[in-house]
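All remarks here apply to the structure that follows.
The values are calculated or read from the model by the stated rules, or taken from the named source; none is laboratory data. Quick caveat: nothing in here was measured; it's all calculated off a predicted structure. Cβ: placed from backbone, ideal geometry, glycine included. Neighbour counts: every protein chain shown. Remember, those area values only see protein heavy atoms, side chains included, never the ligands or the DNA or RNA. Shrake-Rupley method; radii C 1.70, N 1.55, O 1.52, S 1.80 Å.
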Amino acid sequence: MVLPAPSSGSERSKIRHEDLVSFSRLVGTGYRPMDVPLDGAVTVAEGMFHLREVRPGLLVHASDARYERTVTTRMEKQQSLNFSIVLGGGWRATLGGTALASGGHGGGGPSATAFVLSESDLWQKHAVEGGHARMVNVMASPEWLETSILDGSDAAPLSMASLARRHRWHAYWQPSARLLGLADRVLGMPLYGGALQKLYLESRAIDIVVESLSLLLDEGSAAGRGGRPSEHRRMWAVRERLDAAPQEVPSLAQLARDAGVSPRTLQRQFAAVHGVAIFDYVRLRRLDRARLLLEREGISVAQAAHLAGYSSAANFATAFRRRFGLSPRQARDRA
């Protein structure tokens, strides 16, 4: 599916719900809105929106759009390596219950995110009225990687082959100037026709995959991602521990001792690798879990506030609305 880009900066395309339904068929199954049912003709966003399979197993999604309504959707997203380059704005989603986001963290500048699905998994996308993202996503299937990229010669500690098998693995990093330039060229794509446009997109998509993988896998570029590979492994172990039990977070001193670093080093390295302070991350994960329980199990707002670590329901509601663009009660009404 391809929605045409506007021919000038003043013209904007209407993105209807039926367009999102068509989009979903290329990347997964079982798509549905989690809010009230949406008619296919309802406009959910306005702007520029492209999706194209430029080669079997290689898809390019480019968007510069503003959401006209708050929408949460879910689907079973298929196996893939996903690379998201955000030049402005951002997006928020959950993958199998784990919160993912790009843009808006670490100061709100450009950002890059990668995540791996070695099997199909539940994907929920959260869009807030008035929110927008100027971004490019590239989705590559394991088959495409196997035939186009992998050659068995990669000797990096975290090889591409092993990366493709790490289900729900994800990473955030500051995109290089080259990566930002590639994304910008996709968004400003010349108005070629037919095969030439497809070839242009395929070339940019391959460059984005190669550049992203080189940054993620090359130890020599680790400093550009906030530290040495050993620091990244250590901070991902800390994050996995926090994800496993967000309600039972050890003290900073205990986390630091277990990681083999000082508390100050732990805070610095965690923020450098994950783009957010360690206890801000815990707070956001608790809010994500509270929303999940409100929507899926219909727990009370008071229970959700307690689980999220808030003694004041009013403070919880304020934080919840700031993160999700709706109140806890509205989330509970979806149960």
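Here are some notes:
- Length added when fully stretched, A302-F279, from 0.36 nm per residue minus Cα-Cα: 6.1 nm
- Projecting the Cα atoms of F316, S300, L284 onto the charge dipole of region 263-335, computed from C-beta unit charges around the Cα centre, puts L284 farthest toward the positive end.
- Area of S214 that stays accessible when all protein chains are in place (1.4 Å probe, Å², to 10): 50 Å²
- Pairwise label distance in nanometres, A244 with S214, each label 7 Å out on the Cα-Cβ vector: 3.7 nm
- Taking label points 7 Å from Cα along the Cα-to-Cβ direction, V42 and R264 give a separation of 5.3 nm.
- With every protein chain in place, region 269-335: carbon and sulfur % of accessible area (1.4 Å): 48 percent
- Distant-in-sequence amide H partners of A45 (H built 1.01 Å from N, under 5 Å): I15, E68
- Per-residue SASA remark: D243, around 40 Å² accessible (1.4 Å probe; ligands, DNA and RNA not included).
- Cβ-based net charge around Q197, under 14 Å, with every Lys or Arg adding one and every Asp or Glu removing one: +3
- Over region 54-98, accessible surface divided per residue gives 31 Å², non-protein components excluded, 1.4 Å probe.
- Point-charge dipole on Cβ atoms (K/R +1, D/E -1) for region 45-99, about Cα centre, debye to 20: 100 debye
- Test item: Cα-centred dipole of region 246-335, Lys/Arg +1 and Asp/Glu -1 on Cβ, debye: 220 debye
- Alpha-carbon gyration tensor eigenvalues x 5, square-rooted, for region 253-335, Å: 30, 12, 11
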